[in-house]
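The values are calculated or read from the model by the stated rules, or taken from the named source; none is laboratory data. This is a predicted model, so every value here is computed, not measured. Positions of Cβ are generated from backbone atoms using ideal geometry, with glycine treated the same way; all protein chains shown enter the neighbour counts. We work out accessible area using only protein heavy atoms, side chains counted, and drop any ligands, DNA or RNA first. Shrake-Rupley method; radii C 1.70, N 1.55, O 1.52, S 1.80 Å.
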Amino acid sequence: MTAKLTTCLWFDHGEARKAAEFYVGLFPDSRMGGNMTAPSEYPGGAEGDELTVEFTLLGRPFMGLNGGPNFKPNQSVSFVVETQVQAETDRYWDAIVGNGGAENACGWCQDRWGYSWQITPRQLLEGVTDPDKAVAKRVFEAMMTMRKIDIAKIEAARRG
């Protein structure tokens, strides 16, 4: 890896490559990288086991670690993906949820490995930060009723 900062994601044994390939297939400007295998036996594993896999998502470097079941992801860290149109929002959301994931409120969903994603349309971000506090309130209240964000409803709330 040549990046000075790489995010390492912990997966159960053998799941890092599966997750990386799924993510890389979903998002643009993404690709698989190298991997590291165990040079000898280790507690809970054998020589030749894949320990890490490198990948790039949306231009950012990641490393997947096949660390085992000891640590599980939680919502204290999530990935925010800004979208531009409803079709893009739908594609990411539906792929994550439809691949063994789960829906959550306000544009959040969780993938099958337990990582949380915020699939966030630009229109939502613009609406909740509108300098007109009444507009921001309407957009925020509309968002609070949603799981996957509906851009048409966000824009309607913004217009009042």
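Scanning the range 99-135 for residues that are part of a loop (DSSP other than H, G, I, E, B) and of a type in the set (D, E, K, R), we see that the one that is least open to solvent (accessible area, probe 1.4 Å) is 111.
Taking the conditions exactly as written (among the hydrophobic types (A, V, I, L, M, F, W, C), touching a residue at least 12 places away in the same chain (Cβ under 8 Å), out of contact with any helix residue (DSSP H, G or I) (no Cβ under 9 Å at 6 or more places or on another chain) and open to solvent by less than 10 Å² (accessible area, probe 1.4 Å)), does residue 93 satisfy them or not?
Spelling it out, residue 93 is indeed among the hydrophobic types (A, V, I, L, M, F, W, C), touching a residue at least 12 places away in the same chain (Cβ under 8 Å), out of contact with any helix residue (DSSP H, G or I) (no Cβ under 9 Å at 6 or more places or on another chain) and open to solvent by less than 10 Å² (accessible area, probe 1.4 Å).
Look at residue 95 and say whether it is of a type in the set (Gly, Ala, Ser), under 30 Å from residue 15 (Cα atoms) and part of a loop (DSSP other than H, G, I, E, B). Criteria not met by residue 95.
In the list 133, 153, 137, which residue meets the criterion of being of a type outside the set (Asp, Glu) and under 20 Å from residue 92 (Cα atoms)? I'd like the intermediate steps shown before the answer.
Numbers: 133 fails: under 20 Å from residue 92 (Cα atoms); 137 fails: under 20 Å from residue 92 (Cα atoms).
Every option except 153 fails the conditions.
If the condition is being in a helix (DSSP H, G or I) and open to solvent by 80 Å² or more (accessible area, probe 1.4 Å), then the range 139-155 contributes 140, 141, 153.
Kindly establish whether residue 158 is part of a helix (DSSP H, G or I) and surrounded by 20 or more Cβ atoms within 10 Å (Cβ to Cβ).
Values: part of a helix (DSSP H, G or I): yes; surrounded by 20 or more Cβ atoms within 10 Å (Cβ to Cβ): no.
It is false that residue 158 is part of a helix (DSSP H, G or I) and surrounded by 20 or more Cβ atoms within 10 Å (Cβ to Cβ).
Tell me, which residue of the range 79-103 that is more than 22 Å from residue 18 (Cβ to Cβ) and not hydroxyl-bearing (Ser, Thr, Tyr) is nearest to the chain's Cα centre (by Cα)? It would help to see each step written out before you state the result.
Of the range 79-103, the ones more than 22 Å from residue 18 (Cβ to Cβ) are 80, 82-90.
Subset that is not hydroxyl-bearing (Ser, Thr, Tyr): 80, 82, 84-88, 90.
Values: 80: 7, 82: 11, 84: 16, 85: 18, 86: 17, 87: 17, 88: 14, 90: 14 Å.
For the range 79-103, the residue satisfying everything is 80.
The set of residues from the range 74-92 being of a type outside the set (S, T, N, Q), within 24 Å of residue 155 (Cα to Cα) and not in a strand (DSSP E or B) comprises 85, 87, 88, 90, 91, 92. Restricting attention to the range 56-70, the residues that are under 21 Å from residue 46 (Cβ atoms) and not in a strand (DSSP E or B) add up to 4.
Kindly indicate whether residue 18 is part of a loop (DSSP other than H, G, I, E, B) and among the charged types (D, E, K, R). No.
Selection of the range 12-67 for residues being small (Gly, Ala, Ser) and over 20 Å from the mean Cα position of the chain (by Cα) yields 34, 38, 40, 44, 45, 46, 48. The single condition from (1) in contact (Cβ under 8 Å) with a residue 40 or more places away in the chain; (2) of a type in the set (Phe, Trp, Tyr); (3) within 30 Å of residue 49 (Cβ to Cβ) that residue 79 fails is (1). Of everything in the range 45-89 that is at pLDDT below 95 and small (Gly, Ala, Ser), the residue that is most open to solvent (accessible area, probe 1.4 Å) is 76.
Residues in the range 27-44 that are open to solvent by 100 Å² or more (accessible area, probe 1.4 Å), farther than 17 Å from residue 68 by Cα and assigned to a loop (DSSP other than H, G, I, E, B): 29, 39.
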